[in-house]
Amino acid sequence: MARRVLILGAAGRDFHDFAMLCRDDPDVEVVAFTATQIPGIDRRRFPAVLAGPRYPRGIPIFPEADLETLCQSLEVDEVLFAYSDVTHAHVMHLASRALACGASFALPGPRSTMISAARPVVAVSAVRTGCGKSQVARWAAREIAAAGLRVAVIRHPMPYGDLARQRVQRLASRADLDAALCTIEEREEYEPHIAAGHVVFAGVDYRAIVAAAEAEADVLLWDGGNNDFPFITPDIHLVLVDALRPGQVTSHHPGEANLRMADAVIVTKTNAASAQALAEVAAALRAVRPGCPVFPGASRLGTDPPGVALQGRRVLVVEDGPSLTHGGLATGAGYAVATQAGAHVLDPRPFAPPTFAAVYAAHPHIGPVIPAVGYDGPQREALRDLIARAAPDLVIAGTPADLRTLLDLEVTVVRVTCEFEPPDASLSGWLGQQLARVRARETTARTPPATR
């Protein structure tokens, strides 16, 4: 009899691992997915068109809270864990819940879930959400393009809507984002790449996504989500550590695995960290990855438009959503810019409508800022309502998504810009050398033996 499997996920790696490990395996029957972290992604069904002929009715998706009930009612033999940025203890608590029901518990690994690409792959990953992957991925894309190479950005999945429609997404303009009904979280990641002239590929079926990106690019840039490890086998793997969170270098899954796989480590936000924090990070890296190249980098903050007078102004701060929620940050770049400029930051929590009151209740560590959650129309309307209730002089947008057009706000929005800045040319030189090595190997592999 086929092994009955339940996959724990958050609308991302779970679907990818299913496609790589389970969809075509006659010895496995996936009886359900569970969902967590993202609101509104459970009570759906993984569609038959993506699940394949062995699942003509698709596969149901339930809340993770129902784990024990599902294990019993669906007679689950094995539970697969397939999402990211949780503590090691969190993973093992889930394992204990599965084991107590009699099921096995498994963590699918990189070798069985990574896709081999026909183009060189540069991957940007991290040990935690909110380390600055977006900044570093934009920097890496510029470096690759400056070398005269076509780059395609492949983004970690965020399929929170119509899964069949989101199978393969090619996003090259704001019109593409509108047509794809992208959430605020998706726009936070896609808009900056598109503004820089780089095409973004994302979706659900990553074999097809990689094939589509390969047709347009010389180099594939994996822009990771949370602290997940790449879906594509990297030739160059850059892993980020946050200088402001020295105690979280090895605290979360699968971030520690990323660190142990890294070809180079980038310590971000060094300009904002204390000497003690930098020393703690350095010690942690020496203990885990002695000999691995380590490069520092600053996060340079600015505003758009530049030079806006914020002193004494009553402002609401909207920050990158995932960095605050499951990333665990209390505030972000927007709050830093506002406080450094002498603005009076309004606490949004007394004005929160029920949707946001629930977010604050679920994540009590969040400070006097608004997480940019906007996974559907009602949530975006709730965000707009919260801003209107507080009646600020200005909104400081620490999210990369363009709230000015997305929410049609009447109040002025000042966008915070945040760019990765290495202190010297050493990281650029290292990346250039690695790219040359990988491309030389690729050229040799493609050259017919008779002409070598």
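The values are calculated or read from the model by the stated rules, or taken from the named source; none is laboratory data. Values in this document were obtained by computation on a predicted structure and should not be read as measured data. Ideal geometry is used to build each Cβ from the backbone, glycine not excepted, and the neighbour counts take in all protein chains shown. SASA here: full protein model, heavy atoms, side chains in, ligands and nucleic acids out. Shrake-Rupley method; radii C 1.70, N 1.55, O 1.52, S 1.80 Å.
Does any residue in the stretch 1-24 that is in contact (Cβ under 8 Å) with a residue 60 or more places away in the chain come within less than 6 Å, Cβ to Cβ, of a residue that is assigned to a strand (DSSP E or B) and open to solvent by 40 Å² or more (accessible area, probe 1.4 Å) six or more places away or on a different chain, and which pairs are these? Close Cβ pairs (under 6 Å, with a partner that is assigned to a strand (DSSP E or B) and open to solvent by 40 Å² or more (accessible area, probe 1.4 Å)) amount to R4/E29. The set of residues from the stretch 200-236 being touching a helix residue (DSSP H, G or I) at 6+ places or on another chain (Cβ under 8 Å) and either free of Cβ contacts under 8 Å to residues at least 60 places away in the same chain or part of a helix (DSSP H, G or I) (or both) comprises V200, F201, A202, G203, Y206, R207. With the requirement that a residue be at pLDDT 95 or above and closer than 17 Å to K133 by Cα, what does the stretch 272-299 give you? Scanning the stretch 272-299 gives V294, F295, P296, G297, A298. State whether the residues of the stretch 296-314 include one that is touching a residue at least 24 places away in the same chain (Cβ under 8 Å), more than 22 Å from P422 (Cβ to Cβ), among the charged types (D, E, K, R) and not in a strand (DSSP E or B). Checked against the condition, which is being touching a residue at least 24 places away in the same chain (Cβ under 8 Å), more than 22 Å from P422 (Cβ to Cβ), among the charged types (D, E, K, R) and not in a strand (DSSP E or B), the stretch 296-314 yields at least one hit. Among the residues here, A357 does not qualify as open to solvent by 20 Å² or more (accessible area, probe 1.4 Å) and at positive phi.
Annotation note: of A264, A243, A196, A273, the sole residue that is hydrophobic (A, V, I, L, M, F, W, C) and open to solvent by 40 Å² or more (accessible area, probe 1.4 Å) is A196. Set side by side, the residues R389, R380 differ, and just one is at pLDDT 85 or above, closer than 30 Å to K269 by Cβ and basic (K, R), which is R380. Of the residues examined, E442 is not one that is acidic (D, E), open to solvent by 20 Å² or more (accessible area, probe 1.4 Å) and touching a Ser or Thr at 6+ places or on another chain (Cβ under 9 Å). In the set (1) buried (at least 18 other Cβ atoms within 10 Å of the Cβ); (2) within 24 Å of the chain's Cα centre (by Cα), D77 fails one condition alone, (2). Say whether the condition of being of a type in the set (F, W, Y) and closer than 24 Å to V210 by Cα is met by at least one residue in the stretch 74-93. Checked the stretch 74-93: at least one residue is of a type in the set (F, W, Y) and closer than 24 Å to V210 by Cα.
Against the definition (closer than 28 Å to T331 by Cα, open to solvent by less than 50 Å² (accessible area, probe 1.4 Å), in contact with a helix residue (DSSP H, G or I) (Cβ under 7 Å, 6 or more places away or on another chain) and of a type outside the set (K, R)), how does A126 come out, yes or no?
On the way: closer than 28 Å to T331 by Cα: yes; open to solvent by less than 50 Å² (accessible area, probe 1.4 Å): yes; in contact with a helix residue (DSSP H, G or I) (Cβ under 7 Å, 6 or more places away or on another chain): yes; of a type outside the set (K, R): yes.
Considered against the rule, which asks whether it is closer than 28 Å to T331 by Cα, open to solvent by less than 50 Å² (accessible area, probe 1.4 Å), in contact with a helix residue (DSSP H, G or I) (Cβ under 7 Å, 6 or more places away or on another chain) and of a type outside the set (K, R), A126 comes out as yes.
Answer yes or no as to whether R187 is among the basic types (K, R) and more than 27 Å from V318 (Cα to Cα). Here the answer is no, as R187 does not meet what is asked. The single condition among (1) surrounded by fewer than 15 Cβ atoms within 10 Å (Cβ to Cβ); (2) on the phi > 0 side of the Ramachandran plot; (3) not aromatic (F, W, Y) that P378 does not satisfy is (2).
Screening C418 on (1) touching a residue at least 24 places away in the same chain (Cβ under 8 Å); (2) of a type outside the set (V, I, T); (3) more than 25 Å from A140 (Cα to Cα) shows it passes everything except condition (3). Inside the stretch 12-63, residues that are under 20 Å from H326 (Cα atoms), open to solvent by 20 Å² or more (accessible area, probe 1.4 Å) and not in a strand (DSSP E or B) make up a count of 5.
For the stretch 1-42, taking the residues that are among the small types (G, A, S) and under 27 Å from the mean Cα position of the chain (by Cα), the one that is modelled with the lowest pLDDT is identified as G40.
If we keep just the residues of the stretch 421-448 that are in contact (Cβ under 8 Å) with a residue 60 or more places away in the chain and of a type in the set (D, E), which is farthest from T270 (Cα to Cα)? So, considering only residues that are in contact (Cβ under 8 Å) with a residue 60 or more places away in the chain and of a type in the set (D, E), the one farthest from T270 (Cα to Cα) is E442. Residues in the stretch 335-385 that are in contact with a helix residue (DSSP H, G or I) (Cβ under 8 Å, 6 or more places away or on another chain), among the aliphatic types (A, V, I, L, M) and either under 14 Å from A397 (Cα atoms) or in a loop (DSSP other than H, G, I, E, B) (or both): A336, V345, L346, A352, I366, V369, I370, A372, V373, L383. When the stretch 85-102 is filtered for residues that are over 15 Å from F33 (Cα atoms) and open to solvent by less than 20 Å² (accessible area, probe 1.4 Å), the ones remaining, listed by number, are D85, V86, V91, A95.
When L310, L329, L406, L394 are checked against the criterion of being out of contact with any Ser or Thr (no Cβ under 6 Å at 6 or more places or on another chain) and either open to solvent by less than 40 Å² (accessible area, probe 1.4 Å) or of a type in the set (G, A, S) (or both), L310 stands alone in meeting it.
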